[in-house]
Amino acid sequence: MDKQLLRRIARLARIKVAPEQEENMISQLSGILKWVGIIQKVELDDEEELNQPVKAQMEVQQWTQDFGEPDAFLRNVKHPIKNKQIVIKSPIKGN
């Protein structure tokens, strides 16, 4: 990994890396990529089972219910509303 690739990754991730932090960040990211490479080589016996979606996350929970008046709910929201959706700005600032 070099400074050019680090800067590209930082731009894509919308983070700022100070010039004095670049060498340390390159070292850390290189270490992470090395571990990812090692993990990718591990053979899994139950790979087919691991690729299945988590069933509990896909089911509607029994304790939930639809909100009877969505417009009344949206009137109480402090964030902007666009197309009946709550717009929450990310705390991450772009370059």
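I'd like the full set of residues that are of a type in the set (Asp, Glu) and open to solvent by 70 Å² or more (accessible area, probe 1.4 Å), limited to the stretch 1-27. Quick ask: steps written out before the conclusion?
Going residue by residue through the stretch 1-27, those that are of a type in the set (Asp, Glu) are 2, 20, 22-23.
Matches in the stretch 1-27: 2, 20, 23.
Quick check on my filter: what residues within the stretch 1-27 are assigned to a helix (DSSP H, G or I) and closer than 19 Å to residue 91 by Cβ? Spell out how you get there, then give the answer.
Narrowing the stretch 1-27 to residues assigned to a helix (DSSP H, G or I): 3-13, 19-27.
Those that are assigned to a helix (DSSP H, G or I) and closer than 19 Å to residue 91 by Cβ: 10, 11, 12, 13.
Name the pairs: first residue in the stretch 59-84 and surrounded by 10 or more Cβ atoms within 10 Å (Cβ to Cβ) and part of a helix (DSSP H, G or I), second residue aliphatic (A, V, I, L, M) and modelled with pLDDT of 80 or more, Cβ to Cβ under 7 Å, at least 6 apart or on different chains?
From the stretch 59-84, the pairs are 74/81.
The values are calculated or read from the model by the stated rules, or taken from the named source; none is laboratory data. Model, not experiment: these values are computed from the prediction. Positions of Cβ are backbone-derived with ideal geometry, glycine not excepted, and every protein chain shown enters the neighbour counts. The protein model used for the area step is the full one, side chains on, heavy atoms only, and it has no ligands, DNA or RNA in it. Shrake-Rupley method; radii C 1.70, N 1.55, O 1.52, S 1.80 Å.
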